[in-house]
Structures are given as C-alpha cells and as structure tokens.
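The values are calculated or read from the model by the stated rules, or taken from the named source; none is laboratory data. Note that the coordinates shown come from a computational prediction; the quantities given were computed from them, not determined experimentally. Counting neighbours? That spans all protein chains shown, and the Cβs are built from the backbone with ideal geometry, glycine included. Heads up: the accessible areas ignore ligands, DNA and RNA and are worked out on the full protein's heavy atoms, side chains in. Shrake-Rupley method; radii C 1.70, N 1.55, O 1.52, S 1.80 Å.
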Amino acid sequence: MALSGITKRFPGVVANHDIHLTVRKGTVHALVGENGAGKSTLMKILYGMQKPDEGTITVEDEQVTFSSPADAIARGIGMVHQHFMLADNLTVLENVVLGSENAYGIAGGARRKIKEISERYGLGVHPDALVENLGVADRQRVEILKVLYRGARTLILDEPTAVLVPQEVDALFANLRELRSEGLSVIFISHKLGEVLSVADEITVIRRGTTVGTAIPAETTQRRLAEMMVGSELPTPETAESTVTDRPVIEVEKLTVYAAGGPSLGVEGEPTPAGGGLVPDSVVGGEAKRVLDDVTFTIHAGEVTGIAGVEGNGQTELIDALIGLRHADSGTIRFEGEDITPWPTRRRREQGIGYIPEDRHRHGLLLEAPLWENRILGHVTEEPNTKGNRRFWLDPRGAQEDTRRIVEAYDVRTPGIDVTAASLSGGNQQKLIVGREMSHKPKFLIAAHPTRGVDVGAQAQIWDQIREARREGLAVLLISADLDELIGLSDTLRVIYNGRLVADADPATVTPEELGSAMTGAATGHLEHHDEDVASREDGEDEAR
C-alpha cells in the first residue's frame, strides 16, 4: 500500500504537503511526528474520512479513491482512532455489529465471532458489557475488536498504548507480531519512541505536514527520532529537589464508592443500582462491589502523589469523587482543612481545584465550540472570563485575549482562536486544557494522564509546568499510564488495585517493571505493602460469587 504526494488544505492551514508513505504487506510501519504534524489527517485520508486535495492512494497495486470509511473497509483497511467512536448506551456486541449486521448476524453468530476474536487476541471483552461502564482501556479494546470483526487486513492504530501498563503493552505487541505473521499490515502511530523502536519494522517521520524521512529501527535511536520530529533531544521526567511541605492540602479518609450507585442490591427497603439491573462482576454476595474501598491518603503543599494502577481499578471513581462528579457513599474529603465532601463541582473549582480529565473529549472540551469558549469551561465565574465583581457576566474579550496567551505559551498549533476544538489534533487539544487549568494557579491539581497524546517537546513543557507549580506549593494527584512519567514526577507513589491502595513505592528506587507487577496484584520485594489481606479478601469474594 502506498500514499504518494498527499496534500490536504484547510482554511488557514496546510495539514499535509506532498507526503509519501509506503507500507509493505506483513509489516508494522510506525508513523511518528510532533503534535499537529498531520498524522491524524493523513490517516483519515487513508480511511476515507477525508479526501486529499492532491496525491494518490494505491492498494495492492491498484489506484483507489475512497469517498467514505465504507470504501476503505471494503478494501480491508480498518482504523482505531485516538478518540473512541463508540455509543455509550449500547453493549459491546451492539457497538461491534453496528453497521456490519450482514457479516455474522446480530445474535448468536455475532456473539460467537466476537468471543472468538476476543480470545484469539487476548482482548478480554465481554459482548454484553455496557460501553458506558467500561474504562478507557476496555473501550480501546472494543475499537480493536470492531476492526478485526470487519476483516481488516491493514490496521491503523492511533496511540494504541496510551492507556496500557507495560505488561499490557507487551501483550499488544505480541498480538501485533501475530497479525504480522499472518500477513496483515499495521500502521502504528505513537509518541512513545521506545515502543516504536521495539515493535516497528520501518518508521516514517513527518514534520509540519511533510515527510522528513524513513528509518529502520536497528539503525536509529530515540534521540535521533526525537530530533527528526521536533529538533530537540528526548526529555526525561526527572524531579529535582524535594519541595514537599508539612501542610496538608487534600486529605482523603476512608473514601468508599459503590459500583452501581448504592451499597446493596435487591434487598427489600434498600437502594438498588441505577437502572435496576444487575451488572456481572459488580455484585458480591448480593451487595454492590466497592469500586473504591476505604481509600485514605494525604497530599501536602508542594507534593506530587502518583497513583499507579491498571485501568479500571478505581482511578476513574477516585477522580470523579475528588472533583465532585460522583457521590461518595462514605468517607470524608477535606480541602485545606475544610470538609468538601458535600460540595458541588463548581464550588470545588472556584476554591482552587484544577482538573485535567482522563478523557478530554467527554469531560474537557466542547468540540464544536471555538477555542476561546473552551478556555472558559470550568472557570465561568473567574477572571479573565469575568470582570471584577461581575462574576456572573462573561467577558468574551478577556477570555479571547487569554486564549491567545495560552496558545502562544503552550505552543497550541492552530490558525486562530475562533476555530473549533474538534479541528485541533489530540495533542494540541491536551495542551489547551493544561494551559487553561494551570492559568488559574490551582492549589490542588487532579492531573489524569496529563501528557497523553502529546509529542516529546510538549511533554517536556507540561512536566516543567507541573514542576514549577509544585515549587510554588501546588499539591498534585497524578494518574498516568506512563510509568516513567509517574516515577519521574512523583514525590510519593501509591499502587491502586481492586479499588484499594495496596502498596507504596519509592520513586527513587522502583523500576517500571516492579511497579507494573504490583499493579497486576503481584507482590514485589521493593514495595511496601500495606494491604496484606488482598488475596484472602479476593478469595472470599470469589466464594460469595
């Protein structure tokens, strides 16, 4: 398959200019570049979502023209997008079958095929699970399942490892090698250059919308690739001197959250979960599962506390409880000594809690709104979005001026502040969100995957912003799937497993491999375990089931 001379223009910007890309059959071909370099646009062209202004696409020695994704699918091309395209109110089976009902039917045949693919590639996805109840990693697996279900022979994977721990990355790469051995081709888009070098057969680098060159992994290094991408060396997230004080900013005590919105199921006179149905694996012995179970920790001014865990072990519920999006069934949250457990989200934000969400599309942006309106989100009553005491009167001019400042300070690649958030690449969307939150000088920052989808240059800038704010007394809760980031930025490092904080690790001595093992429930000698009854508790739950 080959793309030759691909050029794509949008108002005020040339996204792709004379790009050339050749993917050999039965290979993993990596595509790397900085944010806004044109990677996603190029792949959308290959997948039929957009038409090029110039250039040709050749598939199996035949020049083709795609008018829609259906045309690309018919040619055996499937794409897993960086931002998922799933219907939350449907099950996994319904999402997979949607638009492909004639392939294996919509009942038994489809179910058997989904289970077959899931087991063959180790996706571990249940056909009847409701998508809105799935974590980010499981949603990604559903997207991969959709592509394989449609018989794709060329898979486009956009940042597929962004939410995976090392063991899961290894499993995915093993799957990719299996696909490659069967003659399938994979286009692998990633900012993690170490992963690119370990899995790719060839690497194409694009910069500012045009092809820079192609490299062979055995003949290049991470530093050379970084220099080709952004003209600088690969940064490392190393925290320098400690700035941790003895002043508590956020104190969480015995925080408990139940899966289905209540502590019990089906017991007369007791609350039942929303929707009234039973969710498999959400109930134990007639009671709703505790997705957060007696969680206690303190974060001090000047301290970054990292939380490491496999996706779906309570991180999302912890974030939601801290920012006020989810009710705590029991326990207390104190902010600067005051009990904020009953506070609504807006009051928490106004008092100085910043929020970088794990899913920027669902909780961080209005995609069809211009950038300056997105700058207002979460800070509608604060300057510069309002003037002085007129906190309920928006000041569009103030918001627009500050958006221009953020765009310049955080290198958000955009033709202007009036374009929609949807028009930005994922990395540039992330930089806009980080700039928005850091601009309000929060006292406590919830940072969920703050560098997900950003290039190495932007990654270093975000790390520097967190370090600088930390020196000024900011308390940070850092949740990330990038274990190097967690180890490098954290002053305190904790492991969450099955809704409980089960171990502490010393960022100065722990390795990513040790941390990854602890995240999956395996004991390691270099971590301090403070939940010794994990295994016995799980055995009891299994018996109850």
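Here are a few things to note about the model shown:
- Test: residue in region 24-33 that is farther than 30 Å from Gln222 by Cα and modelled with pLDDT under 95: no
- Screening region 324-359 for residues that are surrounded by fewer than 21 Cβ atoms within 10 Å (Cβ to Cβ) and within 30 Å of Glu159 (Cα to Cα) and picking the one that is modelled with the lowest pLDDT gives Asp359.
- Test for Thr381: is it modelled with pLDDT under 90, β-branched (Val, Ile, Thr) and open to solvent by less than 10 Å² (accessible area, probe 1.4 Å): no
- Checking Glu132 against (1) assigned to a loop (DSSP other than H, G, I, E, B); (2) open to solvent by 60 Å² or more (accessible area, probe 1.4 Å), the condition it does not meet: (1)
- Output for region 162-187, where each listed residue is more than 17 Å from the chain's Cα centre (by Cα), open to solvent by less than 30 Å² (accessible area, probe 1.4 Å) and modelled with pLDDT under 90: Phe173, Leu176, Leu179, Gly183, Leu184
- Any hit, region 103-114, residues being closer than 30 Å to His20 by Cβ and at pLDDT 85 or above: no
- Set side by side, the residues Val434, Val456 differ, and just one is modelled with pLDDT under 90 and either among the basic types (Lys, Arg) or crowded, with 17+ Cβ neighbours inside 10 Å (or both), which is Val456.
- Search result, residues across region 9-61 that are more than 24 Å from the chain's Cα centre (by Cα), open to solvent by less than 10 Å² (accessible area, probe 1.4 Å), closer than 15 Å to Val186 by Cβ and not β-branched (Val, Ile, Thr): Leu21
- Hey, Ile106 β-branched (Val, Ile, Thr), open to solvent by 60 Å² or more (accessible area, probe 1.4 Å) and either in a loop (DSSP other than H, G, I, E, B) or within 24 Å of Ala162 (Cα to Cα) (or both) or not: yes
- In summary, Ala70 fulfils each of the numbered conditions (1) surrounded by fewer than 16 Cβ atoms within 10 Å (Cβ to Cβ); (2) of a type in the set (A, V, I, L, M, F, W, C); (3) part of a loop (DSSP other than H, G, I, E, B) with the single exception of condition (3).
- For region 498-513, the set of residues classified as touching an Asp or Glu at 6+ places or on another chain (Cβ under 8 Å) and not in a loop (DSSP other than H, G, I, E, B) consists of Arg500, Leu501, Val502, Ala503, Asp504, Ala505, Pro512, listed by residue number.
- Condition broken by Asp491, with the remaining ones in (1) surrounded by fewer than 24 Cβ atoms within 10 Å (Cβ to Cβ); (2) modelled with pLDDT of 90 or more; (3) closer than 22 Å to Arg290 by Cα satisfied: (3)
Residues checked against (1) surrounded by fewer than 16 Cβ atoms within 10 Å (Cβ to Cβ); (2) at pLDDT below 90; (3) in a helix (DSSP H, G or I); (4) of a type outside the set (A, V, I, L, M):
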{"site": "Gln63", "(1), (2), (3), (4)": "yes, no, no, yes"}
{"site": "Met85", "(1), (2), (3), (4)": "yes, yes, no, no"}
{"site": "Asn95", "(1), (2), (3), (4)": "no, no, yes, yes"}
{"site": "Ile117", "(1), (2), (3), (4)": "no, yes, yes, no"}
{"site": "Asp128", "(1), (2), (3), (4)": "yes, no, no, yes"}
{"site": "Arg139", "(1), (2), (3), (4)": "no, yes, yes, yes"}
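- Pair list, Cβ < 8 Å and 6+ apart or interchain, from region 358-378 residues that are without any contact (Cβ under 8 Å) to a residue 24 or more places away in the chain and more than 23 Å from Ser480 (Cβ to Cβ) to residues that are open to solvent by 10 Å² or more (accessible area, probe 1.4 Å) and among the aliphatic types (A, V, I, L, M): Ile376/Leu394
- Selection from region 360-371 of residues that are buried (at least 17 other Cβ atoms within 10 Å of the Cβ) and assigned to a loop (DSSP other than H, G, I, E, B): Gly364, Leu365
- A single entry from Pro357, Pro396, Pro342 fulfils the requirement of being under 20 Å from Thr316 (Cα atoms) and over 26 Å from the mean Cα position of the chain (by Cα): Pro342.
- Residue match in region 188-197 (condition: under 18 Å from Gly426 (Cα atoms) and modelled with pLDDT of 90 or more): yes
- Pair list, Cβ under 8 Å, 6 or more apart: region 165-185 residue at positive phi, other residue open to solvent by less than 40 Å² (accessible area, probe 1.4 Å): Gly183/Gly26
- Pairing each residue of region 203-224 that is over 21 Å from Lys44 (Cα atoms) and open to solvent by 40 Å² or more (accessible area, probe 1.4 Å) with any residue that is of a type in the set (A, V, I, L, M, F, W, C) and modelled with pLDDT of 90 or more, provided the two are 6+ apart or on different chains, yields C-beta distances under 7 Å for Gln222/Leu197.
- Selected residue (criterion: modelled with the lowest pLDDT) from residues of region 225-234 that are within 17 Å of Asp484 (Cβ to Cβ) and surrounded by 18 or more Cβ atoms within 10 Å (Cβ to Cβ): Leu234
- None of Pro280, Pro248 is surrounded by fewer than 18 Cβ atoms within 10 Å (Cβ to Cβ), at pLDDT below 70, on the phi < 0 side of the Ramachandran plot and touching a His at 6+ places or on another chain (Cβ under 8 Å) except Pro280.
- Note on region 141-161: among residues that are part of a loop (DSSP other than H, G, I, E, B) and open to solvent by less than 20 Å² (accessible area, probe 1.4 Å), the one that is modelled with the highest pLDDT is Ala152.
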